[in-house]
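Participant: Got a structure here, written out as structure tokens. Questions coming.
Read the figures in this text as sums done on the coordinates, not as results from a lab. Given the structure is predicted, the values throughout are model-derived calculations rather than measurements. As a convention, Cβ positions derive from the backbone with ideal geometry for all residues, glycine included, and neighbour counts pool all protein chains shown.
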Amino acid sequence: MSQPPSMSPDDARRQAIREHNLRAAAENTANERLHVDPRDLAARLPFNGRWTRRDWAHASLFATLGALVIGLVPGFSNAMRVAEDTPEITTMALPLPPLPKAPQRAEQLRNWELVRVESGQTLGAIFQQRGIPAVTLHRLLDATPDREALTRLRPGAELAFEQAPDGRLLAFRYDRSDTQRVELSLEGDQVAEKVIERPVEVRTAVISGKVGRSLFHSARRLGLSPAVINTLTDEVFKYDIDFDRDVTASDRFSVVVEQTWREGELIRSGPVTAAVFTAKGKPFTAVRFERDGKAEYFTAEGRPLKKSFIRSPIQYARLSSRFGTRRHPVLGTQRMHKGVDYAARTGTPIMAAGDGRVVSVGWQGGYGNTVVLDHGKGHTTLYAHMSRTAKLRRGDRVSQGQVIGYVGSTGLSTGPHLHYEFRVNGVHRNPLQHTMPPPEPLTGAALARFKAETAPALARIREVEQVLYASVSTDQDQRVAAAGTGKGGKG
């Protein structure tokens with residue numbers, strides 16, 4: 001380096017020393033950057049004795065990475081060892097189970113739409129509602145032997161349709177009987193018929209319960225059909241029990257019926273085989289038995305239940321006036337009431353109290369529209385104040401329970417009711433108290449056959465009632481007992 005001409009020797013020496021010191025300082029700085037002692041670095045860092053959030057985050061990250069390394073490295077080594085010890089894998093061709101047949105898969109995918117026939121509906125109307133042309137209906141009817149039955153469908157009958165998305169009919173299904181279901185499939189111009197057997201099982205059931213607030217609702221809740229309930233009230237016990245006045249909530253009933261089951265569903269209840277109705281503590285027993293080809297109901301001793309006259313010629317009515325002296329509601333005079341009055345709504349059916357012949361029908365003064373019947377042996381009955389009479393003429397024969405007119409308020413009457421009179425040889429008798437001679441019981445071989453055929457049903461009722469009512473309390477809930485082995489078969 002050249003010296004400026006004006007610099008003295010001392011100045012030049014000092015300048016040289018200064019440059020030498022600067023070069024030495026630069027070299028020392030470079031060496032310190034390459035070789036740093038951690039102790040010196042820690043000494044130079046401005047640490048105040050507390051870790052910041054950043055320090056804790058860094059420490060947590062390094063700790064997590066360390067734990068992962070410690071846990072994964074042994075696993076990798078074990079996996080490598082297992083892989084080394086694993087023997088060679090051999091593959092084998094095994095036969096697969098057979099696939100289900102195509103028809104079975106198609107059957108599972110079939111979409112049947114159920115239709116229940118309503119009152120007044122015809123098969124043609126149902127097809128029209130579903131957009132199926134009449135030509136298709138006639139093709140189906142021509143291909144089945146059930147044409148007449150299908151054209152006279154009963155309300156409640158169940159039909160099924162399978163239709164394509166465009167509405168085209170693919171198949172039609174109906175029940176030929178309780179045990180046979182028919183499917184009619186359309187394949188082009190052909191109709192294929194398939195009959196499916198559906199076995200049924202007939203079981204004998206004993207159903208027992210209490211009347212409660214309503215006999216009908218209690219019996220329905222226990223599983224008795226409306227037809228069976230009507231048989232009990234309108235046929236079996238109507239001669240001995242007045243279900244409007246003689247029955248209380250604590251009274252009980254037990255009924256033996258045959259039930260028809262199909263695929264776990266109750267489809268029908270048969271006739272009442274036997275029944276016991278306890279009204280006001282007094283049991284009344286009825287057993288079904290065929291005599292001379294006709295089914296009748298008898299007592300347990302073999303005496304027919306059907307009597308010459310029923311207790312009341314009108315059902316579900318209120319006794320509004322009894323037999324005896326009273327003040328006439330219209331005339332206001334004290335006079336003899338020679339019959340009984342049943343209050344009911346206008347139009348309520350009135351039944352003949354017994355088999356007989358029509359003596360007169362039409363208007364009779366204060367009686368209004370009236371029917372008089374002659375039952376033979378000096379017994380006659382009179383039914384007055386009718387709104388209208390049935391289509392009867394003098395001399396016509398009527399059966400017990402046949403409707404002969406309807407409740408009204410014609411003649412001297414203050415409201416709709418039936419005035420009913422019972423006469424023996426022209427003398428008025430109280431129909432609520434007069435008793436008729438009991439019918440002749442079974443005897444001889446008929447009685448022996450009756451005992452043999454009806455004993456099992458009566459035994460079932462006794463067994464069930466002993467279990468249910470041995471120590472029954474007045475508020476005990478109703479229960480059902482089903483007994484008997486099924487008589488499987490095809491009805």
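Participant: To the nearest Å, what is the center-to-center distance of segment 115-173 and segment 302-323, using C-alpha atoms only?
Facilitator: 47 Å
Participant: Hey, another quick one. Where Lys and Arg each count +1 and Asp and Glu each count -1, what net charge lies around Gln433 among other residues with Cβ under 12 Å from its Cβ?
Facilitator: Summing Lys and Arg as +1 and Asp and Glu as -1 gives +3.
Participant: Could I ask something else about it? Which order do peptides 394-407, 368-381 fall in by mean Cβ count within 10 Å, highest first?
Facilitator: Highest-to-lowest ranking by the protection proxy: 368-381, 394-407.
Participant: Same structure, new question: Counting Lys +1, Arg +1, Asp -1, Glu -1, what net charge surrounds Leu186 among other residues with beta carbon under 15 Å of its beta carbon?
Facilitator: Within the 15 Å Cβ shell, the charges total -1.
Participant: Could you sort 348-354, 286-292 so that the peptide with the highest average Cβ count within 10 Å comes first and the rest follow in order?
Facilitator: Put in order of decreasing packing, that is 348-354, 286-292.
Participant: Within the set of other residues whose C-beta is less than 14 Å from the C-beta of Ile126, count the net charge using Lys and Arg as +1 and Asp and Glu as -1.
Facilitator: +2
Participant: In whole angstrom, how far apart do the alpha carbon centroids of segment 235-292 and segment 372-396 sit?
Facilitator: Their Cα centres are 31 Å away from one another.
Participant: Along the charge dipole of segment 110-197, Cβ charges K/R +1 and D/E -1, which of Leu141, Ser119, Ala157 sits furthest on the positive end?
Facilitator: Of the options given, the answer is Ser119.
Participant: Taking Cα pairs under 8 Å and at least six residues apart, what relative contact order does segment 318-429 come out at, in percent?
Facilitator: Normalised by residue count, the contact order of segment 318-429 is 30 percent.
Participant: Sorted by packing (mean other beta-carbon atoms within 10 Å per residue), highest first, where do 246-252, 230-236, 55-61, 142-148 land?
Facilitator: Those peptides, ordered most packed to least, come out 230-236, 246-252, 142-148, 55-61.
Participant: Within the set Lys280/Lys377; Lys307/Lys377; Lys307/Lys451; Lys294/Lys451; Lys210/Lys238; Lys338/Lys377, which residue pairs have Cα atoms separated by over 24 Å?
Facilitator: Result: Lys280/Lys377 exceed 24 Å.
Participant: Relative contact order of segment 110-197: what whole-number percent is it, with Cα pairs under 8 angstrom and at least 6 residues apart?
Facilitator: 27 percent
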